[in-house]
Amino acid sequence: MPTSKTSPYDVIIIGAGVNGCCSAYTLHKAGLRVALIDQAGIASGGSGAAGAFISPKISKAGTLKEIMSEAHAEALEFYTTNFPNFTLVKPLLHIANTPEEGEKVESFKHETHLKHSNIPHKIQILLSDEALNSPSIYFDMGAVVDAQGVCNAMTEEIDFYPIKVEKLIHNDDLWQVGELRAKHIVLSIGAYPKLLPIEYVGLRGIWGHRIDIETATHIPCILHHHVSISPTTKEGTVAIGATHNVHYSPFSGEPYDVEEGRKALLDKASKTLKLNNINILKDYTGLRSGSNDYLPMLGSLVDANTTLALHPHLRHGKALDPQEYIYYPQLTMINGSGGYGFVLAPYLARKLKEYLVDNQPIGPILSPSRFFPRWAKSKKNQS
């Protein structure tokens, strides 16, 4: 149960998806007094609908590959060590679904330090001709996490408040959210409506749909192809998902077609293998957020109006050291993980802890302020 609301917390985290839950867990373990807020509950949105596969990102050299490589190793260690009851460790077969991805798979296969081997015969006989004849890589170790189970486990010792946040108030060096107060605020609200005027933050909503099924087909490994398919659990269930639908928005007013979503998932799964005697057990849907440049976000938020008033030349594309921007005090955003939320969450939570507890700076690569200059230039003709 939450403790007294009158005594300030060290940190209030708004948003109880995997980033919010993992951050709360990590900061609590570091000795901070943490409150977690979410209107709908723990892992009630996109995180609860995620496939929650702890898989490497098959990509070419660059910043994203470096971040994902570090985050993947950290996530495997984090979940298997701290939450083994919610983590199913199995081999992982990644199959390319386009010629372009096939090139990435072949390149990744020659560069990766991750242990991989030939596809075992017991898996080959399950696969469709398309899957067998596409470039692939079979990792000796992967994992899939119980999305809602692990988020609830991470927050067992955290003060949780199921309230809707209408606005944030900063006064006397403290943030106030309703009756709660804290020195620091962490915004982890994904693609849902923002609580501050930060239109410059480059986010895109990604609607996700996952299904849990029963099937007579026993699946011995994790499969990534046109969609992700979990191994058969000890309870006899298989998870398929999550779709990445950038066209549907829960804010459109139109209802989501669950039946059509199920059909899309099963059609994509059928391109990988045949699932016999299917019984759909449960649907999970929710909105995830990805950044416009595909890198996650962690860092302070620019007070856009104040910064433009102080530095109007930004509207004309003039450069300014980001340290000269005006930032909201004691406020951090963690966001933009897209379909890799469960892979990135332990990595981002650790960096947040190093920033708040150990006073280590967060690198500019992750900072949401990276989107600010282009947005400011777009305001050239506005006073």
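Applying the criterion of being of a type outside the set (D, E, K, R) and either assigned to a strand (DSSP E or B) or open to solvent by 30 Å² or more (accessible area, probe 1.4 Å) (or both) to the residues of the stretch 221-235, the residue that is farthest from P91 (Cα to Cα) is H226.
How many residues are in a loop (DSSP other than H, G, I, E, B) and surrounded by fewer than 19 Cβ atoms within 10 Å (Cβ to Cβ) if we restrict to the stretch 297-315?
At the first step, the residues of the stretch 297-315 found to be in a loop (DSSP other than H, G, I, E, B) are 303, 311.
This time we only want the ones that are surrounded by fewer than 19 Cβ atoms within 10 Å (Cβ to Cβ), so: 311.
So the count comes out to 1.
Checked against (1) touching a residue at least 40 places away in the same chain (Cβ under 8 Å); (2) within 26 Å of E70 (Cβ to Cβ), T307 passes all but a single condition, namely (2). Would you confirm whether any residue within the stretch 260-270 is open to solvent by 60 Å² or more (accessible area, probe 1.4 Å), acidic (D, E) and not in a strand (DSSP E or B)? Scanning the stretch 260-270, I find at least one residue that is open to solvent by 60 Å² or more (accessible area, probe 1.4 Å), acidic (D, E) and not in a strand (DSSP E or B), so the answer is yes.
Residues in the stretch 127-137 that are part of a loop (DSSP other than H, G, I, E, B) and either without any contact (Cβ under 8 Å) to a residue 60 or more places away in the chain or buried (at least 19 other Cβ atoms within 10 Å of the Cβ) (or both): 3 in all. What tally of residues in the stretch 61-100 results from selecting those that are buried (at least 17 other Cβ atoms within 10 Å of the Cβ), modelled with pLDDT of 95 or more and within 23 Å of Q124 (Cβ to Cβ)? Count: 8.
Of all the criteria given as (1) part of a helix (DSSP H, G or I); (2) at pLDDT 95 or above; (3) under 15 Å from the mean Cα position of the chain (by Cα), the one not satisfied by Y25 is (3).
N245 satisfies every condition listed in (1) of a type in the set (S, T, N, Q); (2) under 30 Å from E70 (Cβ atoms); (3) out of contact with any His (no Cβ under 8 Å at 6 or more places or on another chain); (4) open to solvent by 40 Å² or more (accessible area, probe 1.4 Å) except (3). The listed residues are K318, K353, and the only one of them that is without any contact (Cβ under 8 Å) to a residue 60 or more places away in the chain, of a type in the set (K, R) and surrounded by fewer than 22 Cβ atoms within 10 Å (Cβ to Cβ) turns out to be K318. Screening the candidates E235, E199 for the property of being touching a residue at least 12 places away in the same chain (Cβ under 8 Å) and out of contact with any Gly (no Cβ under 9 Å at 6 or more places or on another chain) yields one hit, E199. Going through (1) surrounded by 19 or more Cβ atoms within 10 Å (Cβ to Cβ); (2) over 20 Å from the mean Cα position of the chain (by Cα); (3) not in a helix (DSSP H, G or I) one by one, E156 falls short only on (1).
The values are calculated or read from the model by the stated rules, or taken from the named source; none is laboratory data. Being a predicted model, the structure only gives us computed values, none of them experimental. All Cβ positions, glycine included, derive from the backbone under ideal geometry; neighbour counts span all protein chains shown. Note: accessible area is taken over every heavy atom of the protein model, side chains too, but ligands, DNA and RNA are not part of it. Shrake-Rupley method; radii C 1.70, N 1.55, O 1.52, S 1.80 Å.
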